[in-house]
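Chemist: Before we start, here is the structure in question, set down as structure tokens.
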Amino acid sequence: MTSPHHRATLSDGREVLFFQDPDSSAPAIFDDPRPGAPRPDSGTLRFDALTGEWVAVATHRQTRTHLPAAAECPLCPTSDHRPTEIPAADFDVVVFENRFPSLGPDLGEVPPVSAEALSSASLSAPAFGRCEVVVFSSQHDGSFAGLGRVRARTVIDAWANRTAELSALPGIEQVFVFENRGEEIGVTMNHPHGQIYAYPYVTPHTAITTARAQRHRRETGRPLMGDILSFERDSGERMVLGSEHFSAFVPFAARWPIEVHIVPHRQVAGLDELDAAERDDLARVYPEVLQRIDGLYPTPTPYIAAWHQAPVNCEDRSAEWMHLEITSPRRAENKLKFLAGSEAAMGAFVGDVSAEETAARLRAVTPARTAGASVPGSATSAHEQAQR
Ligand SMILES: [Zn+2]
């Protein structure tokens, strides 16, 4: 397992971890100069008796930082006159516990809900868990697509480490690694970063996909994602790119105007199971997919990149196959898809474009050349690159 190069503690007790590029010198980490403050109490989980789903209520998040200017950014390095969340003058990749977590800081097991008597007590539980922020670069401007292969690989190592360590914490049932990019989809800080949620329950989406994968395995003896991979690779119509260890394609039943799944060719349940060659390959493939998405329009496209990993206590891991889903609501240069009645109320999607068309558009983009040449944080969209 990849370990962080340094661990430190912020003045309020939160953990901060430093991961370094292979050729990078050790960051100068100093004590967090801010006064110690108590951490917020954990929020509450409320059980929706209608659907059987947990809803996290974290009211303290209303006060969290919203779109700070670069001079106020809490994800930039600490300087002489301004302390930030990262007590170092420079760094490569940093992970720290979220100051305004939806889950945690307390850990523990969520008790099962009894159907016998509905009461506010029986339908509530502490919002146990842990939320972390993953900062991709010390540079305020940029995006994952422009990190370069070396840095992307360090981020992948950090994700793998967090997946393994968070899975081992008491009460954690699922580790979700993700990135939201773009103010249009609610990003509150522009500094290139992602997040990790370690849930004390299996999320509604994963409960559905896991049940399907388990059933497919029982009925056919094969993992479902392996069959999907063969279907997409044989057809080829929706492929965006293929490498030695990964395939990227627009899924057959894409819900969003832009949707790409990146799937490893070898069955693994989580990021921590990827070997060195696979991580190297992913550090090339993933940024290239993002560059192709950014190349569709003159301005950066908002997206959600979501790692779907096996639940921690999964019944049958031989059915599980980790993958990445990148989705964007952007359906034209100045138009976003909004979830209307059918999607929002019923979860029944109505698509606007065909998956084959989206795949053809993504294949036609010339991705920016980042291999080894780009400066970390210097995000250049494929479009900007093409304009030069
Ligand atoms: Zn910043």
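Chemist: Compare P204, P302, P87 in a GNM of the chain, Cα atoms joined below 10 Å, and give the one with the largest fluctuation.
Modeler: P204
Chemist: Counting only Cα, what are the radius of gyration and maximum Cα-Cα distance Dmax of segment 187-316, in Å?
Modeler: When restricted to Cα atoms, segment 187-316 yields Rg and Dmax of 15.8, 47 Å.
Chemist: What accessible area per residue, rounded to a whole number of Å², is obtained for the chain using a probe radius of 1.4 Å?
Modeler: So the chain comes to 46 Å² accessible per residue, rounded to a whole number.
Chemist: With the crude spin-label approximation of a point 7 Å out along Cα→Cβ, what separation in nm comes out for V350 versus A69?
Modeler: Here the answer is 4.5 nm between the modelled labels.
Chemist: With n ≥ 4 as the cut-off for DSSP H runs, can you work out [θ] at 222 nm for the chain, using -39500 (n - 2.57) per run divided by the number of residues, rounded to the nearest 500?
Modeler: -7000 deg cm²/dmol
Chemist: Unpartnered cysteines of the chain (Cβ-Cβ under 4.7 Å counts as a partner)?
Modeler: Result for the chain is C131, C314, no neighbouring Cys Cβ within the cutoff.
Chemist: A332 to R363: FRET efficiency via 1/(1 + (r/R0)^6), r the Cβ-Cβ distance, R0 25 Å, to the nearest 0.05?
Modeler: Efficiency at R0 = 25 Å is approximately 0.85.
Chemist: Can you give the FRET efficiency to the nearest 0.05 for E315 and D80, using r as the Cβ-Cβ distance and R₀ = 45 Å?
Modeler: On the way: r = 54 Å, r/R0 = 1.19.
Efficiency, from the Cβ-Cβ distance: 0.25.
Chemist: Something else about it: Exactly which GluC sites (Glu not before Pro) in segment 310-369 are in a DSSP loop and have at most 14 other Cβ atoms within 10 Å?
Modeler: Qualifying residues, ordered by number: E315, E333.
Chemist: May I pose another question? Roughly how many debye, to the nearest 20, is the charge dipole of segment 205-387 about its Cα centre, given +1 on each Lys and Arg Cβ, -1 on each Asp and Glu Cβ, and no other charges?
Modeler: Roughly 320 debye, rounded to the nearest 20.
Chemist: How much of S24 can a 1.4 Å solvent probe reach, expressed as accessible area in Å² and rounded to 10?
Modeler: 40
Chemist: GNM on the chain, C-alpha springs below 10 Å: top fluctuator among G148, G270, G13?
Modeler: Highest fluctuation among the options: G13.
Chemist: Rg and Dmax of segment 1-101 over Cα atoms: what are they, in angstrom?
Modeler: Cα only, segment 1-101: 16.8, 54 Å (Rg, Dmax).
Chemist: Across 20 Å bins from 0, what is the distribution of all Cα-Cα pair distances for the chain, in whole percents?
Modeler: 26, 60, 13, 0
Chemist: While we're on this one: For the chain, with a Gaussian network of springs between Cα atoms less than 10 Å apart, report the residue from A56, A254, A69 with the top mean-square fluctuation.
Modeler: With Cα springs under 10 Å in the chain, the top fluctuation among A56, A254, A69 is at A69.
Chemist: Something else about it: Hey, what did segment 205-387 get for relative contact order, percent, Cα under 8 Å, at least 6 apart? Show your work: numbers first, answer last.
Modeler: Working: 279 pairs, mean separation 50.5, N = 183.
Result for segment 205-387 is 28 percent.
Chemist: Could you sort S79, S120 by their accessible area in this structure, using a 1.4 Å probe and putting the largest first?
Modeler: Listed by decreasing accessible area, they come as S120, S79.
Chemist: Tell me, what % of the accessible area of the chain is carbon and sulfur with a 1.4 angstrom probe?
Modeler: The computed percentage sits at 51.
Chemist: Let me ask something additional. Quick one: order W256, W159 from most to least accessible surface, probe 1.4 Å.
Modeler: W256, W159
Chemist: Continuing with the same structure: With a ≥ b ≥ c the root eigenvalues of the C-alpha gyration tensor of segment 6-199, is it rounded (a/c under 1.5), prolate (a/b larger than b/c) or oblate?
Modeler: prolate
Chemist: Run the quick spin-label model on T188 and A26: label points 7 Å from Cα toward the beta carbon, then report their separation in nm to one decimal.
Modeler: The two pseudo-label positions are separated by 3.5 nm.
Chemist: Can you give me the distance in nm between label points at Y297 and A89, each placed 7 Å from the Cα along the Cα-to-Cβ direction?
Modeler: Using points 7 Å along Cα→Cβ, the separation is 4.1 nm.
Chemist: Follow-up. List, in order, the whole-Hz ³J(HN,Hα) value for each residue of segment 34-49 obtained from phi through the Karplus relation with A = 6.51, B = -1.76, C = 1.60 and θ = phi - 60°; use x for Gly and Pro.
Modeler: Values per residue, Gly and Pro as x: 6, x, x, 9, x, 6, x, 5, 4, x, 10, 9, 10, 8, 7, 5 Hz.
The values are calculated or read from the model by the stated rules, or taken from the named source; none is laboratory data. Source: prediction; values computed, not measured. Glycine also receives a Cβ, built like all others from the backbone with ideal geometry; neighbour counts cover every protein chain displayed. Side chains are part of the model used for accessible areas, which takes the heavy atoms of the whole protein and leaves out ligands, DNA and RNA. Shrake-Rupley method; radii C 1.70, N 1.55, O 1.52, S 1.80 Å.
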